[in-house]
Amino acid sequence: MKKAQVKIGTVYVANVGRSQTVVRIDAEHDRGGWHGVNLRTGEQVHIKSGASLKREAEPVLVELYTEITELIQRKVVEYRGHQIKPKLDFDNQPFVINGMAVDSGWVVIKHGANVMPAATWFTTIDEAVEAIDILIDLGGTLKPDMTRVGNLDTDEFWNRMRYRDRDAFHRRVLSTCTPKERQAATLHCDSYKLE
């Protein structure tokens, strides 16, 4: 687009970095171009020229990405010195996990970095909270200099995450069983103990 066609307050489909996204133009930039907000991530961007702006965004895109930006800004959970934030790289392409399409997720951040082993992400905030508890219990959280508090045993982290999943599954399944079914189920699960 030409500079004269760009209007402050308007939302455009734009090239930002290597991807195309939706950007709201907020003001002119003192070094040329415009200040804007990437409505997919909520981040501030500098649009250097009108060539980056492809076209005005359709009203449905404006509404969708405005809601996403508000959700992102609202959904940061603080827990035990960590932030649980939305995972932003789904790009309308859901993951398939155990036969289910998952189109949103959560990451655990401390000092600006994902602190989970293998940059793990979670499908619910509750999962992320449980993972933080396990991480802290194992001494694996980060200090401000980006070093671990203790020597994190990643195998133990994954074992505890698996057992957490297994125990939650058993509690959910066994709570719906009759007493006879519950007794039969516990016989088949050597490692599971009813509480």
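Please work out how much length the chain gains when fully extended from D153 to T66, using 0.36 nm per residue of separation minus the C-alpha to C-alpha distance, in nm with one decimal.
Numbers: separation 87, 0.36 × 87 = 31.32 nm, distance 4.14 nm.
Stretched out fully, the D153 to T66 stretch lengthens by 27.2 nm.
If r is the Cβ-Cβ distance from Q5 to V76 and R0 is 30 Å, what FRET efficiency results, to the nearest 0.05? Let's see the in-between values first.
Working: r = 36 Å, r/R0 = 1.20.
Efficiency for this residue pair is about 0.25.
Please list, by residue number, every one of the trypsin sites (Lys or Arg not before Pro) in the range 1-85 that is coil in DSSP and has at most 16 other beta-carbon atoms within 10 Å.
Values: sites: K2, K3, K7, R18, R24, R31, R40, K48, K54, R55, R74, K75, R80; in loops: K2, K7, R18, R31, R40, K48, K75, R80.
Passing both the DSSP loop test and the Cβ count: K2, K7, R18, R31, K48, K75, R80.
Show me, for the range 152-158, the HN-Hα J-couplings you get by feeding each phi into the Karplus relation (A = 6.51, B = -1.76, C = 1.60, θ = phi - 60°), rounded to Hz, glycine and proline as x.
5, 8, 5, 4, 5, 4, 5
From the C-alpha coordinates alone, can you work out the Kirkwood hydrodynamic radius of the range 1-146, in Å?
Numbers: mean 1/r = 0.0581 Å⁻¹.
For the range 1-146, the Kirkwood estimate is 17.2 Å.
Just the number, please: Stokes-Einstein D of the range 3-70 in µm²/s, Kirkwood Rh from C-alpha pairs, 10 °C, 1.306 mPa s.
Values: Rh = 11.6 Å.
It comes out at roughly 136 µm²/s.
What are the extents of the Cα atoms of the range 79-133 along their three principal axes, listed from largest to smallest and rounded to whole Å?
Result for the range 79-133: principal-axis Cα extents of 32, 20, 17 Å.
In terms of modelled amide H atoms, which long-range or inter-chain residues lie less than 5 Å from the amide H of R40?
Amide H neighbours of R40: V22.
For I125 and A27, what is the calculated FRET efficiency with R₀ set at 45 Å and r taken between the beta-carbons, to the nearest 0.05?
Details: r = 34 Å, r/R0 = 0.77.
Efficiency, from the Cβ-Cβ distance: 0.85.
Need one number: nm distance between label points at H111 and Q44, each 7 Å from Cα along Cα→Cβ, rounded to one decimal.
2.5 nm
Bear in mind that the values in this text are calculations on the coordinates, not laboratory data. Just so we're clear, the structure is a prediction, and the values are computed from it rather than from any experiment. Virtual Cβ from ideal backbone geometry, glycine too; neighbours counted across all protein chains shown.
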